[in-house]
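Engineer: Here's a structure for you.
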Amino acid sequence: GIETTSWIGYTYTNSLVAPNGIPLLPIQLIEAFCIFLIFIFLVWYTSSPKREPYTLAMYIILYAPIRFILEFFRGDSHRGFMLGLSTSQWISAALFIITVMWLIEKPMFVTGFQKTSRLTFYRKCDNM
């Protein structure tokens, strides 16, 4: 992470990669906490069978903005930047936009597919 004066800062004393003796924002820890919150939400979200087909889309919609924002605080200048944004930010933005477009265009497809595939499965089981 970037240098910080916050109480949450972590100071490395014997690192080959991170700067030693400088308190840094623990971005990986913050990201892990955010992913845990997403997990808790998705457990609740998938409790409804109607929403289950949208679980991956919901994960992308929740995770992409978090990753986009946290990238500003990473402090990794060597990871590649284009037009002021990191590679991870471009990927997050693209996945978010594609997922939202998919949800707008295809909501009936998933529901219909689920019903059709279950119905087909039950018919095959009855014929056995």
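Engineer: For SER47, which of the numbered conditions (1) part of a helix (DSSP H, G or I); (2) at pLDDT 85 or above; (3) not β-branched (Val, Ile, Thr) fails to hold?
Structural biologist: Condition (1) is where SER47 drops out.
Engineer: Right, here's the next one. Which of the residues that make up region 29-49 are open to solvent by 40 Å² or more (accessible area, probe 1.4 Å) and not aliphatic (A, V, I, L, M)?
Structural biologist: If the condition is that a residue be open to solvent by 40 Å² or more (accessible area, probe 1.4 Å) and not aliphatic (A, V, I, L, M), then PHE33, PHE36, PHE39, PHE41, TRP44, THR46, SER47, PRO49 are the ones that fit.
Engineer: Name every residue in region 1-28 that is of a type in the set (S, T, N, Q), open to solvent by 60 Å² or more (accessible area, probe 1.4 Å) and assigned to a loop (DSSP other than H, G, I, E, B), in order of residue number.
Structural biologist: Correct list: THR5, THR13, ASN14, ASN20.
Engineer: I would also like to ask the following. Consider region 50-102. How many of its residues are open to solvent by 40 Å² or more (accessible area, probe 1.4 Å), in a loop (DSSP other than H, G, I, E, B) and out of contact with any Leu (no Cβ under 8 Å at 6 or more places or on another chain)?
Structural biologist: Matching residues across region 50-102 total 6.
The values are calculated or read from the model by the stated rules, or taken from the named source; none is laboratory data. All values derive from a computational prediction rather than experimental measurement. Here Cβ is always computed from backbone atoms with ideal geometry, including for glycine, and neighbour counts include all displayed protein chains. Surface areas here come from the heavy atoms of the whole protein model, side chains and all, with no ligands, DNA or RNA. Shrake-Rupley method; radii C 1.70, N 1.55, O 1.52, S 1.80 Å.
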